[in-house]
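Notes follow once the structure below has been shown.
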Amino acid sequence: MSHPEMDELYELYVLNALDRDDAFQIDAHLEDDCAHCQEGIRAALQTTAALSVLADPAEPTKDLRRRTLSSIKPPARSRPWLVAIAGLSAACAALVVFSLWSATRMQQMRDQVSVLRGERNELRSAIELLTRSDTRTVQFGQTEETPHGRVLISSTGGVVFVGMQLPALDRDKRFELWLIPAKGAPEPAGMFRPNTSGESVHISSVPAERSTMAVAVTIEPWAGSPAPTTKPFLVVPLG
Amino acid sequence: MPSHEKADAQLIDLLRKRDAEGLAAAYDRYGRIAYSLFLRITRDQSASEDLVQELFIRLWNRGREFDASKGTLGVWILSIARNMAIDHVRSAQARLAGRSCSIELIDKLSMSAHSADPESIIDRARSVDAGFRNLNANEKRVLELAYFEGLSQSEIAARLKEPLGTVKSWTRSALGRMRRAIQGASAQESGNS
Ligand SMILES: [Zn+2]
């Protein structure tokens with residue numbers, strides 16, 4: 001793609017509204033640290049951020065202001081935590097409570113809550129998938145010390161990959177999940193990174209054909225690859 | 001917006017010093033618009049309130065990384081907010097085809113966005129509104145689907161039952177016109193000051 005072509009696409013790129021091929025071309029190009037494009041993206045962010053004023057004006061409650069601001073002041077620290085904890089799944093909450101022991105970790109904790117909230121949403125999707133009648137569940141892994149977990153797969157709803165003891169990744173790498181059909185090329189089913197404990201819940205709504213024989217996980221560059229570029233470190237047969 | 005409000009650059013100064021005043025002022029300046037954006041995208045009041053809290057906690061935690069000379073707090077806040085809201089409504093599908101511009105990249109690039117104009121986004125609301133009103137119905141529709149619903153070009157084409165090429169050309173012209181309206185407004189403002 002040439003620069004004049006890309007110049008027209010930066011807004012859509014930052015909105016994540018480009019189709020895969022176009023987005024990947026820009027991703028790949030940005031990895032070369034092109035100053036022209038970084039500038040183009042910064043300008044695009046100005047435009048897209050300004051579009052937010054098109055949302056119908058709504059008035060938040062006064063209480064929200066109080067809650068938001070008190071959540072960063074030391075004397076009132078506990079309250080938003082209780083709110084956040086209440087909203088999280090039991091497993092996530094246990095992690096939060098554990099970390100509250102250490103006041104020095106408060107800062108990291110706040111960032112984790114955002115992450116956990118995302119994971120909570122993912123778990124909701126996973127639960128939705130679990131209730132579908134065509135969902136298959138396959139466990140993988142031999143021991144607690146090596147990668148293990150389970151794959152939930154539905155030909156109508158998508159795939160949920162729950163992994164533990166996953167290997168740590170370089171900063172510029174992510175895992176890519178693949179659906180392996182009986183015939184033909186592996187189909188990409190999304191990118192993910194494990195948390196610091198080596199755990200990950202990855203949801204893909206790519207519908208898995210009935211002929212999907214296995215799922216596989218490879219390590220790929222951050223932007224992902226259209227076809228695996230490394231040997232899978234994990235293959236889970238579904239049969 | 002009343003003119004006595006602190007400019008973004010001053011807010012960044014306070015946030016960098018971890019002065020809670022800075023967060024309060026940032027909330028007073030951007031809390032309402034962020035909440036409106038969350039509500040428009042999620043259609044869920046309680047989710048929107050959670051997201052507002054999360055957004056400002058994130059801002060507080062990142063405060064030191066901002067550069068006051070850039071003065072682009074609004075770009076960061078509203079770019080991250082929109083991304084968080086779309087993630088919220090599309091959590092299961094969000095990792096699908098083409099969704100590769102990560103929140104980390106937006107984070108990084110919006111912190112160092114343009115320094116050309118000190119006007120905040122809110123001060124430009126009128127030109128944005130006017131620009132949007134001047135779009136034709138198709139341009140408005142595709143822009144809303146991309147921005148507020150987070151749909152990709154081909155998803156929009158499927159939703160509207162229009163050819164992809166048509167959707168691409170509507171989107172391109174909509175964004176081109178908005179870009180000119182927004183950047184034109186900022187050029188004019190800095191010219192006047
Ligand atoms: Zn370039």
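Pairs meeting the criteria (first residue in segment A:44-61 and facing chain B (nearest Cβ under 7 Å), second residue part of a loop (DSSP other than H, G, I, E, B) and among the hydroxyl-bearing types (Ser, Thr, Tyr), beta carbons under 8 Å, at least 6 apart or on different chains) are A:Gln46/B:Thr72.
Exactly one residue out of A:Glu5, A:Glu39 is in a helix (DSSP H, G or I), within 11 Å of the ligand (Cβ to nearest atom) and exposed (fewer than 13 other Cβ atoms within 10 Å of the Cβ), and it is A:Glu5. Taking first residues from segment A:155-167 that are within 14 Å of chain B (Cβ to nearest Cβ) and partners that are in a loop (DSSP other than H, G, I, E, B) and surrounded by 23 or more Cβ atoms within 10 Å (Cβ to Cβ), the Cβ contacts under 8 Å between residues at least 6 apart in sequence or on separate chains come to A:Gly158/A:Ala208; A:Val159/A:Ala208.
All of A:Asp22, A:Asp32, A:Asp27 fail the test of being facing chain B (nearest Cβ under 8 Å), within 16 Å of the ligand (Cβ to nearest atom), farther than 17 Å from B:Ile106 by Cβ and at pLDDT below 90, apart from A:Asp22. Here A:Pro57 meets the list (1) modelled with pLDDT of 85 or more; (2) within 30 Å of A:Gly224 (Cβ to Cβ) almost entirely, failing just condition (2).
For B:Leu151, the conditions (1) free of Cβ contacts under 8 Å to residues at least 60 places away in the same chain; (2) part of a helix (DSSP H, G or I); (3) within 16 Å of A:Leu18 (Cβ to Cβ) are fulfilled apart from (2).
The values are calculated or read from the model by the stated rules, or taken from the named source; none is laboratory data. This is a predicted model, so every value here is computed, not measured. Note that we place each Cβ from the backbone using ideal geometry, even for glycine, and neighbour counts take in every protein chain shown.
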